[in-house]
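Have a look at the structure below before the remarks.
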Amino acid sequence: MLVNAWCGTGVKEATAPWAQPTSKMALFLVVAVNAAAIAPQAKEISGDLPLLIPGIAVVIVVSYVLGWASGLFFHDRGLTIALTYSTGMRNISLGLVLGLAYFDAKAVVPVIITTLIQQPAAAAVNWLFAKFSGHDQFRYDRYESRSH
């Protein structure tokens, strides 16, 4: 972000050929490491997973929808996008740290599952914004707030 701020928007176009695949591989690696980390605990609570995973997915989807709907009241596309991501994404790293520090490892499984669902959901929301904005790829600079 700092490089983009210092050098301007041309940096994105110059680095995109190697940065985009690298970021996708990094996301895959994070998902794989998290999935491997909870595999033993997930086996212990496997009976609860059929309810846990859809429940977490519903909470995430409802969060995104509520953020999007709340942004519609302001009639500002940039604010709508900001509210959508602000309510849909949550930094649950503290839950992971507290779960590992004070509870049984099984308590961390929902936190990891949330991370595994939340990241692809953010990509899906980006795809939806792009689809309904009429562009192949969503760019936030196209929707800067017009109220300034």
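The values are calculated or read from the model by the stated rules, or taken from the named source; none is laboratory data. No experiment lies behind these values; they were computed from the predicted model shown. Neighbour counts are summed over all protein chains in view; Cβ atoms, including those assigned to glycine, are modelled from backbone coordinates with ideal geometry. Accessible surface is based on the protein model in full, side chains and every heavy atom, while ligands, DNA and RNA are left aside. Shrake-Rupley method; radii C 1.70, N 1.55, O 1.52, S 1.80 Å.
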Taking only Cα atoms, what is the 0 to 90° angle, nearest 10, from helix 109-133's long axis to the longest principal axis of the chain? 20 degrees
Which three extents, in angstrom, do the Cα atoms of the range 1-128 have along their principal axes, listed largest first? 49, 38, 25
With Cα coordinates, the longest principal axis of the chain makes an angle with the long axis of helix 49-72, in degrees rounded to 10, of 20 degrees
Mind ranking 65-77, 107-119, 38-50, 11-23 by how tightly packed they are, going by the mean number of other C-beta atoms within 10 angstrom, highest first? 107-119, 65-77, 38-50, 11-23
To the nearest 10 degrees, how steep is helix 10-44 against the longest Cα principal axis of the chain, on a 0 to 90 scale? 20 degrees
With every protein chain kept in place and a 1.4 Å probe, the chain has an accessible area per residue in Å² of 68 Å²
Quick check: residue separation of Ser133 and Leu94 times 0.36 nm, minus the Cα distance between them. What number comes out in nm? 10.6 nm
Suppose R0 equals 41 Å. What FRET efficiency, 1/(1 + (r/R0)^6) with r the Cβ-Cβ distance, do Cys7 and Leu72 give to the nearest 0.05? 0.70
From phi via Karplus (6.51, -1.76, 1.60), per-residue ³J(HN,Hα) for the range 87-104 in Hz, x at Gly/Pro: 8, x, 9, 9, 8, 9, 4, 4, x, 5, 5, 5, x, 6, 7, 10, 10, 5
